[in-house]
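J.: Have a look at this one before I ask anything.
The values are calculated or read from the model by the stated rules, or taken from the named source; none is laboratory data. None of the values given here were measured: they were computed from a predicted structure. Methodologically, a virtual Cβ is constructed for each residue, glycine included, from the backbone with ideal geometry; neighbour enumeration extends over all protein chains shown.
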Amino acid sequence: MNPTPDNIPQARKRRTSTALINTVWLVPLSALIAGVWLLASTIRERGPEITLALPDADGIQAGSTVIKLLNVDVGRVVKVSLNDQHNGVILQARMDKSAAKLLTNETQFWLVKPRIDRTGVTGLGTLVSGYYIEMSPGKNGTPRRNFTVIDAKPSDLNATGGKYFQLTGIADDSLLSVGSSVLYRNIEVGEVSDARFNPQKNTVEYRIFIKHPNETLIGENTQFWSAGGLNVDFNGGTLNVAAPPVGAILSGGAIAFDNPTQGKGAEVAENTHFTLHKNHSAIEEKKPENAFHLVAFFDQSVANLHKGSPVVYKGITVGYVENPQFFHS
């Protein structure tokens, strides 16, 4: 049937309305396609999420605290929560895709904040910008996504040689911090790279790094002790005061070592375990083969006589008091 002049405008209106409806649907469809493309692009470019463990969240804020490498932002903390034991915090951080290949079991993280230690005053810029987390990339090793944030930057990052050693001592006053000095005759030759308290054994456990070539000073007879502050000793009427360098005192203490009179002994392998003594006075020298014990009795006060006091003959130390006791006849 041919259209009449009366229904021609109506047919045109229907075609125009249909075309308009088709055009209107193109707008949300295009927006949906664009959104899906952007989402896929974001997921494709997004880097991995990592977990960082810390003792507390002091200075850390989700969404604000950044992770830096060579002063360039490579990640950001997105969530802060307590760990399962409620004795520390867990940070969830989103890293840039460019940093994904740098996250291995050799990667290290540490917190950058204002501090005063043996090296001087550092981290003053964080008073304005806020605390941030610095990372040292792992160039080798296996991929990893869970890390522990240490308190300070380890100085052995750029070391060209040296050895690690393990120390264990009885828990006494306080735990030395990571970065504390390791001294040989008051000369800094290394530092503490890890410090832990073992509540089951009530001991402190340290991993120390001795820089090259100073690792050659250590042998099987080497003795280590805590040098946390002033050590005042009054022996045989003589006042002896021993103290580590000022920088070691400012940083909270140090670990010292030396070799006995018979020498350091045979060379030891990396990660060899040593005992950490409370102080230098607690170290017992190995007795010579021709040494002998002598019992002496005194009827006057021996208030200043104690274990380790020297036995002197014509100004020369010929022995040491081993066990002062009260004797009642």
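J.: Out of curiosity, is Thr272 within 28 Å of Lys314 (Cβ to Cβ), hydroxyl-bearing (Ser, Thr, Tyr) and either outside the structural domain of Leu175 (by TED's automatic domain parsing) or at pLDDT 55 or above (or both)?
T.: No; evaluated as a whole, the condition is false for this residue.
J.: Restricting attention to segment 140-149, does a residue exist that is aromatic (Phe, Trp, Tyr) and either within 29 Å of Val74 (Cβ to Cβ) or assigned by TED's automatic domain parsing to the domain that holds Ala53 (or both)? Quick ask: steps written out before the conclusion?
T.: Of all residues in segment 140-149, those aromatic (Phe, Trp, Tyr) come to 147.
Now restrict to residues that are either within 29 Å of Val74 (Cβ to Cβ) or assigned by TED's automatic domain parsing to the domain that holds Ala53 (or both): 147.
Among the residues of segment 140-149, at least one is aromatic (Phe, Trp, Tyr) and either within 29 Å of Val74 (Cβ to Cβ) or assigned by TED's automatic domain parsing to the domain that holds Ala53 (or both), which makes the answer yes.
J.: Against the condition at positive phi and touching a residue at least 24 places away in the same chain (Cβ under 8 Å), how does Gly59 come out, does it pass?
T.: Criteria met by Gly59.
J.: Please tell me if Asp172 is more than 15 Å from the chain's Cα centre (by Cα) and among the acidic types (Asp, Glu). Break it down stepwise before answering.
T.: Numbers: more than 15 Å from the chain's Cα centre (by Cα): yes; among the acidic types (Asp, Glu): yes.
Judged against the criteria, Asp172 is a match.
J.: Looking only at segment 193-220, count every residue that is more than 11 Å from Phe257 (Cβ to Cβ) and either at pLDDT below 90 or not acidic (Asp, Glu) (or both) and tell me the total.
T.: Result for segment 193-220: 19.
J.: Take the residues in segment 242-265 that are within 30 Å of the chain's Cα centre (by Cα) and at pLDDT 80 or above; name whichever of them is farthest from Tyr184 (Cα to Cα).
T.: By that ranking, first place goes to Lys264.
J.: Also: Does segment 256-271 hold any residues that are in contact with a Phe, Trp or Tyr (Cβ under 9 Å, 6 or more places away or on another chain) and more than 16 Å from Trp225 (Cα to Cα), and which are they?
T.: Val268, Glu270, Asn271
J.: Please specify each residue of segment 275-295 satisfying the condition of being surrounded by fewer than 14 Cβ atoms within 10 Å (Cβ to Cβ), in a loop (DSSP other than H, G, I, E, B) and modelled with pLDDT of 80 or more.
T.: Within segment 275-295, Leu294, Val295 meet the criteria.
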